[in-house]
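The values are calculated or read from the model by the stated rules, or taken from the named source; none is laboratory data. Since the model is a prediction, treat every value here as computed from it, not as a measurement. Because the Cβ atoms are built from the backbone with ideal geometry, glycine has one as well, and the counts that use them run over all protein chains shown. Just so you know, the surface numbers come from the protein's heavy atoms only, side chains and all, with ligands and any DNA or RNA stripped out. Shrake-Rupley method; radii C 1.70, N 1.55, O 1.52, S 1.80 Å.
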Amino acid sequence: MKITFYGQNSLGLEVSGKNIIVDPFISGNPLSKDKVDIDMLQADYILLTHAHQDHVLDAEAIARNTGATIVSNYEIAMHYQEKGFNVHPMNHGGNWKFDFGNVKYVNAIHTSAFADGSNGGDPGGFVIEGEHKNIYIAGDTALTMDMKLIPMRTKLDLAILPIGDNFTMGVDDAIIASDFVDCDKVLGVHYDTFGFIEIDHDEAKRKFYDAGKDLMLLEIGESIEL
Ligand code: NI
Ligand code: MN
C-alpha cells in the first residue's frame, strides 16, 4: 500500500492496483495548490470523511475527471448522486468489500455540514484493510473512547490522525488515540494549513518519541510505502 500526502487530510492511496483519493482539498490549500495538480490525480474511488470544505473542495473536479466513485456517509453520497456522480453510500459501523479491500466507516466526534449549510450527515473515519496492510484514517475528530473498538477487529499497521488541535485532536490527545487504536506508527495530518492549526513539528515528534511512538510528518506530495 502506497500512501501520498497532499496536505490537510488529503491522501492518495494505491491499493491492489486501485487509486483512492481521500478528502481532496488541494486547489484551495495555500500549502498544496502550487505543488499538486488535481487534473493529474488518478482515482477509482474518492473517500470523504465528512462534508467540510477542507475535505471535499476538489471532490467534484476529480470525480468529473476520473469517473471515480464517491464513498462516504449516506447524506454525503446522496448529495453527490443528485449531481450525477457515482456514489457508494455507507454509514457508521458498516463494512463493504471493495475490489481493493475492506472499508469500514467508523465514528468521529466532529460536525459535517456542507459549505452551503446543507446536511452532511454525521462525520466519520475509515478503517481500510487491503494488501495485508490495515490503516485507520480518523478524519476530523476529538479523542473518543470509540477508537478502542477498532483494534478489537483490526490490527492496524498505520493510524492517520489529526494533530493540529483547535478543530480536532491535538498532539497530546493523538498520543492517547494511538494507544486506544493499538498502533504506535502514526501519520500526522490536519496541521499547519491555517493559523489555528499551526504546530511545532519538532515538539510534536519529540512528544510521540517520548511516548515510545513514531510520528511521521510528510512533505506535500511525499509518499510512504507500507
Ligand atoms: Ni472538519
Ligand atoms: Mn477539517
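Numbers for the structure displayed
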| item | result |
| --- | --- |
| Residue list for region 123-165, restricted to those being of a type in the set (Phe, Trp, Tyr) and within 14 Å of Lys185 (Cβ to Cβ) | Tyr136 |
| Some residue of region 171-192 being within 20 Å of Leu48 (Cα to Cα), small (Gly, Ala, Ser) and in contact (Cβ under 8 Å) with a residue 12 or more places away in the chain | yes |
| Among (1) over 22 Å from Met1 (Cα atoms); (2) buried (at least 16 other Cβ atoms within 10 Å of the Cβ); (3) among the hydroxyl-bearing types (Ser, Thr, Tyr), the one test that Ser27 misses | (2) |
| Any hit, region 187-208, residues being in contact with a Ser or Thr (Cβ under 6 Å, 6 or more places away or on another chain) and among the charged types (D, E, K, R) | no |
| Filter result (in a strand (DSSP E or B) and either open to solvent by 40 Å² or more (accessible area, probe 1.4 Å) or under 15 Å from Ile137 (Cα atoms) (or both)) within region 91-115 | Asn95, Trp96, Lys97, Gly101, Asn102, Val103, Lys104, Tyr105, Val106, Asn107, Ala113 |
| Subset of region 37-80 (residues that are among the hydroxyl-bearing types (Ser, Thr, Tyr) and open to solvent by less than 10 Å² (accessible area, probe 1.4 Å)) | Thr49, Ser72, Tyr80 |
| Residue that is touching a residue at least 60 places away in the same chain (Cβ under 8 Å) and out of contact with any Cys (no Cβ under 7 Å at 6 or more places or on another chain), where the choices are Ala59, Ala108, Ala113 | Ala113 |
| Any hit, region 81-89, residues being open to solvent by 20 Å² or more (accessible area, probe 1.4 Å), within 16 Å of ligand 1 (Cβ to nearest atom) and in contact (Cβ under 8 Å) with a residue 24 or more places away in the chain | no |
| Test: Leu48 is within 16 Å of ligand 2 (Cβ to nearest atom) and of a type in the set (A, V, I, L, M) | yes |
| Selection within region 135-166 - touching a residue at least 40 places away in the same chain (Cβ under 8 Å), under 13 Å from His110 (Cβ atoms) and surrounded by fewer than 22 Cβ atoms within 10 Å (Cβ to Cβ) | Asp146 |
| Residue list for region 200-224, restricted to those being of a type in the set (A, V, I, L, M, F, W, C), within 16 Å of Asn29 (Cβ to Cβ) and surrounded by fewer than 18 Cβ atoms within 10 Å (Cβ to Cβ) | Leu218 |
| Filtered residues of region 35-78 (kept if under 17 Å from Asp116 (Cβ atoms), in contact with a Leu (Cβ under 8 Å, 6 or more places away or on another chain) and among the hydrophobic types (A, V, I, L, M, F, W, C)) | Val56, Ala59, Ile76 |
| Verdict on Ser32 being within 16 Å of ligand 2 (Cβ to nearest atom) and more than 26 Å from Ser118 (Cα to Cα) | yes |
| Members of region 122-131 found to be modelled with pLDDT of 95 or more, away from ligand 2 (no atom under 16 Å from the Cβ) and surrounded by fewer than 24 Cβ atoms within 10 Å (Cβ to Cβ), listed by number | Val127, Glu129, Gly130 |
| Residues of region 90-118 that turn out to be within 28 Å of Pro151 (Cα to Cα) and more than 14 Å from ligand 1 (Cβ to nearest atom), as a count | 18 |
